[in-house]
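A short write-up of the structure that comes next.
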Protein chains: 2
Amino acid sequence: MDLTFLGTGGSVPTTKRNTVSIALRPGPEVLLFDCGEGTQRQLMASSVSFMRISQIFISHHHGDHFLGLPGLIQSMNFYGRLVPLEIFGPEGTADLVNKMLGLGVFDRQYEVTGHDLRPGDKVGGDGHHVEAFRAAHTVPSLGYIYQEHDRPGRFDREKALALGVKEGPDFSRLVNGETVRTEAAAVTPDMVLGPSRKGMRFVYSGDTAPCPEIFEACQGADVLVHEATVTSDLELKAREFGHSTAKDAATLARNAGVGTLYLVHISGRYEDAGPLLTEAIGIFPRTIIPNDLDSFILRSDK
Amino acid sequence: MDLTFLGTGGSVPTTKRNTVSIALRPGPEVLLFDCGEGTQRQLMASSVSFMRISQIFISHHHGDHFLGLPGLIQSMNFYGRLVPLEIFGPEGTADLVNKMLGLGVFDRQYEVTGHDLRPGDKVGGDGHHVEAFRAAHTVPSLGYIYQEHDRPGRFDREKALALGVKEGPDFSRLVNGETVRTEAAAVTPDMVLGPSRKGMRFVYSGDTAPCPEIFEACQGADVLVHEATVTSDLELKAREFGHSTAKDAATLARNAGVGTLYLVHISGRYEDAGPLLTEAIGIFPRTIIPNDLDSFILRSDK
C-alpha cells in the first residue's frame, strides 16, 4: 500500500504546495482524499495513474478541497474513461457534483455519481472499507478512516499434517475458516492458524479543530494524515477558522497511539515548514511533513 | 506593455504546459484572456499580480478555458480583494459565472459580474478597448482584439516657438487638439504635431479553425496569439474539433501582415514543440512558441 501527497497546502496554493489532495493506493485501484484545484496536473507529475481512481472522498465544500474535480473528470473523459467514478462527501455532495458536471460544454461518456455521507457511513471496497466521521470545521465536514480488513493468521502446514489433515482442498478449507474432519478428530481453524493479522488503519482528518470524534477514529491507527494549518502561537486563529495547530495534531497522535503522523494543509505563510515540524516532533517524534509529490510505502508495524 | 503566457497547453494540461491563460499588462491593470484550471498558481509563479486583474475574457465554455475561475475568484477574496471583477465571454457567460460562484461554501466580499458578449461588442478600458469577434470552434467561441487607442503625434517644440506660440498652456492646448492664436496668425495642431502614433493591436484567437473573421481581426495586428493545436499532418483531426494547425496560424499571420505570432494551445502529444515551430517559421519566420511563464515586452514596430 502506498500514499502519495499530491497537494499539501492550505486554503490558497503556493508555488511550492498545491491545495490538498492525497492518493492512497492499496492495490491497483486508487482512492483519492480531497481534490483541490490542479490535482490532475499533480497526478500527472506523480506515479499515480489518474485513470485508476475509483472513489474520491471529499472532506467538505470549501473550494480548496474540491475544485480540482471538474477538470479531473473532464481529463479522464478525454483519455477515454468508461469506468464509473464515485465521489463521496458530506451532505450536499451529490448536488455539488451535479453542479460541477453542468459547468460549460462537456459530453461525458462515463458515469460520475456523487453521494452524501453521514458520520458512521461506510463505503465498501475490495478488502477494506472507508468510514466517515464528523470533523469539527466551520462547515459540515467529514474525516475518513480507511480500514483494511483483518487477514487470517499464517497457516501452520506442519501442524496440520501432524493433526492428520491431508494436503489439498482441506488446507484451503481451514484457511477459509472451515472445520475439517480427519479420521481421528475434528480440526478447527484456530488449531492451525496463527493470530489474525490486523488490517492497516489510515485516518485522514480533512479540515478540523480537535474533537472527540477524531480522537476516537485514531485509536489504533497506523497512519494519520492530519491538517496542521499553523503553529500553536496562532492557536486562536486556528480555532476561529476550525483548524488545528501542529501541536494539536501531534498531541492527538501521541494520545491516540498512532503509528506515524503526516501533517498537511500547511498555511502559505510558512515558506519553510520547519517551525511546524519542530513543534510536532517535540510531542510526537514520528511526524513527517511531506512535500508535494512525496510518496510513502505504508505497512502496519502492529 | 507586456504579455505573459501563464498556460500554453491544449485541452488537457501536461507537466510542462498548463491549460491556457494569457495575461496582457498594458499598464498597472492586468487583462486576462482565458483562465484554465491552475491559473492562480501560474500567476503566483509569474511576475503578474493576480490582484490587479480587472477584466477576464473567456473565449468559450470548454473547461480548459475557464475552470481556473472559481479558485482564482476565491483566492482573490482570501487576499482581501474589494475591487469588482468583470468576466466577459460568449453567450451564457453571465450564467456560467453565476454557477461557478454558487459552488460550495464561499462568502465573497467583492463583486464579480459575468457578461455575455456578441461578435462586434467592445469593452472599453483606459486608453484601449477590447473587441470580440466570432471564432470558428465546435461551440460558440470568441476571439478578442485588444486595440490601444492612437496617441497624438510628437510635439515639435522648436516649430511652435518659431510660429510665435508662447511656452506654457498654449503648448498643452495644441497637444490636446486645440487651435492657438498668436499675434500673427492661427496655429493649428497639425502644424506642430507629427503624425499620430498608432496604438498597439493585439489579437487572441481562442480555439478556432481558420475563418474570415479572424483574418479580418488580424489586419494590422502587431501581435497575434493563436492556437496551434497540432501540426498539419493532423489537419483533418484539427478541423473535426474546430482547431488550427501551426501551418494555419502561420499562413494567417503572413497573409494578414501580422507583426509577431505566438503559438499556444499546444496539444499534449508534443513533448517537444519543435515540429510545430519548424512548420510555422517556414511560412512566417517571426513565430514564437512560448513556454509557460515566458513574458515578452511588446511594442509596435509600425
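The values are calculated or read from the model by the stated rules, or taken from the named source; none is laboratory data. Computed from a predicted structure; not experimentally measured. Note that each Cβ is placed from the backbone with ideal geometry, even for glycine, and that neighbours are counted across all protein chains shown. We work out accessible area using only protein heavy atoms, side chains counted, and drop any ligands, DNA or RNA first. Shrake-Rupley method; radii C 1.70, N 1.55, O 1.52, S 1.80 Å.
Neighbouring Cβ atoms from other chains, within 10 Å of the Cβ of residues in A:51-64, number 2 on average.
Shielding value for B:34-41 is 5, the average number of Cβ atoms from other chains within 10 Å of each residue's Cβ. Distance between the 7 Å Cα→Cβ label points at B:Ala94 and B:Arg52: 3.1 nm. On the rotation that sends chain B to chain A, the chain B Cβ lying closest to the axis gives residue and distance in whole Å as B:Gly38, 2. The Cα trace of region B:189-302 gives Rg and Dmax of 15.6, 58 Å, the first to one decimal, the second as a whole number.
As an exercise, identify the trypsin sites (Lys or Arg not before Pro) in region A:149-209 lying in DSSP coil whose Cβ has no more than 16 other Cβ atoms within 10 Å.
A:Arg154, A:Lys166, A:Lys198
3J(HN,Hα) along region A:162-178: 4, 7, x, 6, 8, 4, x, x, 5, 4, 4, 4, 5, 4, 7, x, 8 Hz, from the Karplus curve 6.51 cos²θ - 1.76 cosθ + 1.60 with θ = phi - 60°, whole Hz, x for Gly and Pro. Each other copy places its own label point for B:Glu235 at 7.2 nm from this one, sorted shortest first, where the point lies 7 Å along the Cα-to-beta carbon line. Counting only protein heavy atoms and a 1.4 Å probe, the protein assembly as shown has 42 square angstrom of accessible area per residue.
In whole percent, what relative contact order does region B:233-302 give with Cα contacts below 8 Å and a gap of six or more residues? Reported relative contact order: 33 percent. By DSSP, what percent of the beta bridges with both residues in the protein assembly as shown are antiparallel, rounded to the nearest 5? Antiparallel bridges: around 55 percent, rounded to the nearest 5. What the phi angles of region B:263-274 give under the Karplus curve with 6.51, -1.76 and 1.60, with θ = phi - 60°, is a coupling list of 9, 9, 6, 6, 4, x, 5, 9, 5, 10, 7, x Hz, glycine and proline written as x. For chain B, the share of alpha carbon pairs falling in successive 20 Å distance bins from zero is 33, 48, 17, 2 percent. Each copy carries A:Gly80; placing its label point 7 Å along the C-beta direction from Cα gives inter-copy distances of 5.2 nm, listed from smallest up.
Shown in residue order for region B:87-98 are the 3J(HN,Hα) couplings computed by the Karplus curve 6.51 cos²θ - 1.76 cosθ + 1.60 at θ = phi - 60°: 10, 10, x, x, 2, x, 6, 4, 5, 4, 4, 4 Hz (x for Gly and Pro).
Magnitude of the Cβ-charge dipole of the protein assembly as shown, K/R +1 and D/E -1, about the Cα centre, nearest 20 debye? Please list the in-between numbers first.
Values: 58 positive and 76 negative charges, 136 e Å.
That gives a dipole near 660 debye.
I need the shape label for region A:235-302. Rule: rounded when a/c is under 1.5, else prolate if a/b > b/c, else oblate, with a, b, c from the alpha carbon gyration tensor. Oblate shape, in that a/c is at least 1.5 and b/c is the bigger or equal ratio. Pairs of Cα atoms under 8 Å, at least six residues apart: use those to get the relative contact order of chain A, whole percent. Averaging sequence separation for qualifying contacts and normalising by length gives 17 percent for chain A. Measuring r between the beta carbons of A:Asp294 and B:Glu216 and using R0 = 51 Å, the FRET efficiency lands at 0.45.
Can you tell me the FRET efficiency between B:Glu29 and A:Lys198 if r is taken as the Cβ-Cβ distance and R0 is 60 Å, rounded to the nearest 0.05?
Working: r = 60 Å, r/R0 = 1.00.
Calculated transfer efficiency: 0.50.
Helical runs assigned H by DSSP (4 residues or longer) give chain B a calculated mean residue ellipticity at 222 nm of -6500 deg cm²/dmol, each run adding -39500 (n - 2.57) before division by the residue total.
The overall shape of region A:1-103, judged from the alpha-carbon gyration tensor, is rounded, with an a/c ratio under 1.5.
Once the label point is placed 7 Å from Cα along Cβ, list for B:Asp107 the distances to the corresponding points in the other copies, in nm, shortest first. Inter-copy label distances (nm, one decimal, shortest first): 4.4. Pairing the Cα long axis of helix B:69-78 with the longest principal axis of chain B, what angle in degrees results, from 0 to 90 and rounded to the nearest 10? Helix B:69-78 sits at roughly 70 degrees to that axis.
Net length available on complete extension from A:Arg118 to A:Arg151 is 9.1 nm, with 0.36 nm assigned per residue and the Cα-Cα distance removed. Put simply, the amide H of A:Val112, placed in the peptide plane, has neighbours under 5 Å in A:Leu85, leaving out anything fewer than 5 places away on its chain. For trypsin sites (Lys or Arg not before Pro), the sites in region A:49-124 that DSSP calls loop and that have at most 13 other Cβ atoms within 10 Å are A:Arg108.
Near B:Ala246: Cβ cut-off under 11 Å, other residues only, Lys/Arg at +1 and Asp/Glu at -1. The net charge is -4. As a length-normalised measure over Cα pairs under 8 Å and 6 or more apart, the relative contact order of region B:165-302 settles at 20 percent.
For region A:1-101, the set of GluC sites (Glu not before Pro) satisfying both a DSSP loop assignment and a count of at most 16 other C-beta atoms within 10 Å is given as A:Glu29, A:Glu91.
Amide H contacts for A:Val12 (H built 1.01 Å from N in the peptide plane; partners 5 or more residues away or on another chain; cut-off under 5 Å): A:Gly268. A cut-off under 14 angstrom between Cβ atoms defines the neighbours of A:Glu37, and their net charge, with Lys, Arg +1 and Asp, Glu -1, is -2.
The spacing between region B:198-238 and region A:6-43, judged by their C-alpha centroids, is 36 Å. Summarising the amide proton neighbourhood of A:Asp294: residues at separation of 5 or more, or on other chains, whose placed amide H is nearer than 5 Å comprise A:Phe5. Among the listed pairs A:Lys247/B:Lys16; A:Lys159/A:Lys198; B:Lys122/B:Lys166; A:Lys16/A:Lys237, those whose Cα-Cα separation exceeds 31 Å are A:Lys247/B:Lys16; B:Lys122/B:Lys166. Can you classify the protein assembly as shown as rounded, prolate or oblate using the Cα gyration tensor, where a ≥ b ≥ c are the square roots of its eigenvalues, rounded means a/c under 1.5, and otherwise it's prolate if a/b beats b/c and oblate if not? Cα axes put the protein assembly as shown in the prolate bin.
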